[in-house]
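The values are calculated or read from the model by the stated rules, or taken from the named source; none is laboratory data. Quantities reported herein were computed from a predicted structural model and do not represent experimental measurements. Heads up, the Cβs are rebuilt from the backbone with ideal geometry, glycines too, and the neighbour counts pull from every protein chain shown.
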Amino acid sequence: MTDPELDAALKTALAEPPRRVRQLDLPDGRRFWLKRVERLSGRLRLQKGDPAQAFAVERDGLRVAAAAGLPVAGVVAEGPDWVLMPDAGPVLPEVVDAKGLGEAEKMQAFAEAGRALGRLHWAGMAHGRPAVRDVCWDGREARFIDLERFRHARRAGFWQAVDVVMFAQTAFTLWPEDARWLDAALEAYAVSAPEGAMAAVRRLVWWLAPLGWLAAGLSRARPGSRELLAVGLTLARLRR
Ligand SMILES: Nc1ncnc2c1ncn2[C@@H]1O[C@H](COP(=O)(O)OP(=O)(O)O)[C@@H](O)[C@H]1O
Ligand SMILES: [Mg+2]
């Protein structure tokens with residue numbers, strides 16, 4: 001592959017001090033994303049885990065899922081401590097905020113996100129933490145990024161249920177009063193996910209009930225926390 005414009009932009013970006021994620025805009029209008037290994041101090045490494053390990057997991061996940069035809073950003077080029085991805089479009093919170101997009105298109109984006117998660121789960125994989133800000137929408141397809149916790153996982157099993165809970169939790173954190181987006185995603189997920197996936201979600205939510213009580217208690221002490229508020233909303237929604 002010869003792509004002098006991309007090679008030049010990549011070379012320049014790699015020579016600069018590493019930033020975890022950066023956008024590469026080429027003169028011809030193409031856009032790519034460069035993700036590099038985070039360098040953490042000893043204390044942060046203890047809190048956040050080994051970044052090199054997380055990076056390796058993400059790169060493998062991008063490669064394996066893309067090779068299986070699954071909706072992830074994919075890999076254009078890579079080095080020992082970097083990976084270059086094509087632009088997969090704005091992330092779901094940007095889609096919701098986009099002025100130029102109609103309601104129907106936004107609903108479509110979330111339905112595609114749900115379907116994308118269902119397809120990933122069908123293939124015996126789990127994203128690991130599919131926050132709404134880790135799903136991109138290019139106007140046609142929803143694709144996952146940020147696969148640092150990617151894993152192979154039993155169909156309709158624990159880790160796939162965790163994915164659904166994570167997605168719902170992050171949706172309720174951003175849009176506590178408006179479940180439309182999440183509903184569109186869950187509806188599409190339910191029909192495209194493996195048999196028994198929603199039952200597994202309900203089982204997990206049942207086990208997580210004490211977390212809901214804890215969050216409700218803490219929420220009274222810290223009424224401003226959107227995450228705490230979202231826990232109760234998430235558990236109530238997914239119990240259905
Ligand atoms: N391939 C991509 N296409 C579009 N946007 C991307 C892509 N990769 C990263 N981004 C943007 O960069 C942000 C951070 O990337 P991400 O992989 O989620 O890193 P982090 O681990 O820091 O959350 C994303 O939320 C998204 O806005
Ligand atoms: Mg992210």
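Of the residues making up region 127-161, those that are near ligand 1 (Cβ under 9 Å from one of its atoms), within 14 Å of P71 (Cβ to Cβ), assigned to a loop (DSSP other than H, G, I, E, B) and in contact with a helix residue (DSSP H, G or I) (Cβ under 8 Å, 6 or more places away or on another chain) number 3.
Take region 1-30 and flag every residue that is within 16 Å of ligand 1 (Cβ to nearest atom), in a loop (DSSP other than H, G, I, E, B) and of a type in the set (D, E). If the condition is that a residue be within 16 Å of ligand 1 (Cβ to nearest atom), in a loop (DSSP other than H, G, I, E, B) and of a type in the set (D, E), then no residue fits.
Residue count for region 1-18, restricted to those that are surrounded by 12 or more Cβ atoms within 10 Å (Cβ to Cβ) and within 21 Å of G74 (Cβ to Cβ): 7.
On inspection, G61 passes the criterion of being surrounded by 18 or more Cβ atoms within 10 Å (Cβ to Cβ), within 30 Å of A193 (Cβ to Cβ) and out of contact with any helix residue (DSSP H, G or I) (no Cβ under 8 Å at 6 or more places or on another chain).
Among residues of region 11-33 that are in the same structural domain as E58 (by TED's automatic domain parsing) and farther than 16 Å from I145 by Cβ, those with a beta-carbon under 7 Å from a residue that is away from ligand 2 (no atom under 16 Å from the Cβ) and aliphatic (A, V, I, L, M) at least six positions away or on a different chain give the pairs A13/L24; L26/L6; L26/A9. Note on region 144-169: residues that are under 22 Å from A73 (Cβ atoms), away from ligand 2 (no atom under 13 Å from the Cβ) and surrounded by fewer than 24 Cβ atoms within 10 Å (Cβ to Cβ) amount to 5. In region 27-57, the residue that is nearest to L120 (Cα to Cα) out of those that are away from ligand 2 (no atom under 16 Å from the Cβ), at pLDDT 90 or above and in contact with a Leu (Cβ under 9 Å, 6 or more places away or on another chain) is F32.
For V165, the criteria (1) within 13 Å of ligand 1 (Cβ to nearest atom); (2) part of a helix (DSSP H, G or I) hold in every case but one, which is (1). Looking across region 121-143 at every residue that is closer than 20 Å to E195 by Cβ and more than 8 Å from the chain's Cα centre (by Cα), the one that is nearest to ligand 2 (Cβ to nearest atom) is identified as A126.
In the set V95, V83, V91, only one residue is farther than 30 Å from K11 by Cα, within 13 Å of ligand 1 (Cβ to nearest atom) and modelled with pLDDT of 95 or more; that residue is V95. For D60, the conditions (1) more than 15 Å from ligand 2 (Cβ to nearest atom); (2) assigned by TED's automatic domain parsing to the domain that holds A193 all hold with the exception of (2).
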